[in-house]
């Protein structure tokens, strides 16, 4: 079940920052959504790992997504 959720088409956003970026952009390609809500797991994840996940999302994932979405919007054909 975890493996299925972790795939590109699965519901879970897990893995390296690059894997998460690829998954968000994969969904953006389908839905062209403007917002993405993130909920980090608080269950058994140690506090330091949770904080590192939040830091990576803010410093690597979110900026890459913003840049790529902006690039795609500029290069998209109008009409």
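Only the coordinates and a few stated rules stand behind these numbers; no lab work does. Since this is a predicted model, take the numbers as computed values, not measurements. Glycine also receives a Cβ, built like all others from the backbone with ideal geometry; neighbour counts cover every protein chain displayed.
Between residue 19 and residue 78, with labels modelled 7 Å along Cα→Cβ, what's the label distance in nm to one decimal, could you check? Label at residue 19, label at residue 78, 4.1 nm between them. Build a GNM of the chain with springs between Cα atoms under 10 Å apart, and of 61, 38, 20 the one that fluctuates most is 38.
Calculated mean residue ellipticity, 222 nm, the chain: -17000 deg cm²/dmol, from DSSP H runs (n ≥ 4) at -39500 (n - 2.57) each, averaged per residue and rounded to 500. For the residues 46, 63, 17, a GNM of the chain with alpha-carbon springs under 10 Å puts the largest fluctuation on 46. Classification of the stretch 2-75 by its C-alpha gyration tensor yields an oblate form. The axis ratio a/c (a ≥ b ≥ c) is 1.5 or more, and b/c is at least a/b.
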